[in-house]
Ligand SMILES: [Zn+2]
């Protein structure tokens, strides 16, 4: 795994004891982290790997990314409370939220004009954080859901138009992976 780049050079691999010296929990201390010796920015890794979770962030970028989460997360977390799910059983809640989260990120990717693969807050720079907050500020899950359902219906219709018999069972998701 090549080191991520910050301030024009390779970041250095360390662990949580350096980044969080005041937190003794082994769960944090043992975690590999990449740090930039020039600016002090850091990033954690995907579980059990040294693959960086996004790009390195200093205090300012971390603050901006938190702001994006403060705008986005309530949209999908509250998804099960909107009217169409009023009669959904309690055990369906997690599934509704999971799908909502996916749809919220697809919606955001569409608004930002970026591929879904790049639509992770941990990968956003300052400018993209600002654009994301602006794009999602007054959006609720009714709006995201309506957008997603239109898109899913269009993908299904396109699949049916193009379908050979063998492909006719494809789902909208397979047609429009995101
Ligand atoms: Zn740096």
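The values are calculated or read from the model by the stated rules, or taken from the named source; none is laboratory data. All values derive from a computational prediction rather than experimental measurement. Neighbour counts run over all protein chains shown; Cβ positions are idealised from the backbone, glycine included.
Of 92, 155, 127, 135, all but one fail to be assigned to a helix (DSSP H, G or I) and within 23 Å of residue 44 (Cβ to Cβ); the exception is 127.
Do any residues in segment 1-13 that are within 13 Å of residue 38 (Cα to Cα) have Cβ atoms under 9 Å from those of residues that are more than 8 Å from the ligand (Cβ to nearest atom) and modelled with pLDDT under 90, where the two are at least six apart or on different chains, and which pairs are they? From segment 1-13, the pairs are 10/2.
Inside segment 90-103, residues that are farther than 10 Å from residue 79 by Cα and touching a residue at least 24 places away in the same chain (Cβ under 8 Å) make up a count of 2. Applying the criterion of at least 2 residues that are within 16 Å of the ligand (Cβ to nearest atom) and closer than 30 Å to residue 93 by Cα to the helices (runs of 4 or more DSSP H) found wholly in segment 1-81 leaves 59-77. Taken together, 57, 52, 11, 29 contain a single residue that is touching a helix residue (DSSP H, G or I) at 6+ places or on another chain (Cβ under 6 Å) and either outside the structural domain of residue 134 (by TED's automatic domain parsing) or within 20 Å of residue 119 (Cα to Cα) (or both), which is 29.
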